[in-house]
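Here, each number is a calculation from the coordinates, and none is a lab measurement. Quantities reported herein were computed from a predicted structural model and do not represent experimental measurements. Note that each Cβ is placed from the backbone with ideal geometry, even for glycine, and that neighbours are counted across all protein chains shown.
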Amino acid sequence: MKWIASPSAVFSDLDGMTALLDTHGNIYYCLSGIGPFVWDNLRAGASADEICAAVTKNYDVTPSVAQTDVTALLDKLSSAGLIVSTDA
């Protein structure tokens with residue numbers, strides 16, 4: 001599945017973290033750890049599977065841990081309205 005940033009989401013990179021703002025709800029979120037890496041890959045057009053593979057390659061985690069962590073983060077971002085799925 002592919003995800004894109006919601007049109008209502010704005011972001012900024014801040015000293016190794018990514019700050020996200022949902023302009024519809026005026027709620028601020030901060031991504032740390034692998035969050036900014038996932039966000040950058042998502043913005044570059046990577047699918048969820050591609051993001052998981054990139055996390056496995058760049059971090060010391062197994063594919064199953066990467067899948068669990070990336071899926072959890074994408075679910076949270078989706079629930080917050082910061083990303084939306086696309087058929088692309």
Self-check item: Spin-label proximity, SER32 to the stretch 51-88 - amide N less than 14 Å from point 7 Å beyond Cα toward beta carbon
Solution: none
Quiz item: Suppose R0 equals 30 Å; then what is the FRET efficiency for VAL65 and SER8 from their Cβ-Cβ distance, rounded to the nearest 0.05?
Solution: 0.45
Quiz item: Nearest 10 degrees, 0 to 90: what angle lies between the long axis of helix 48-58 and the longest principal axis of the chain (Cα atoms)?
Solution: 60
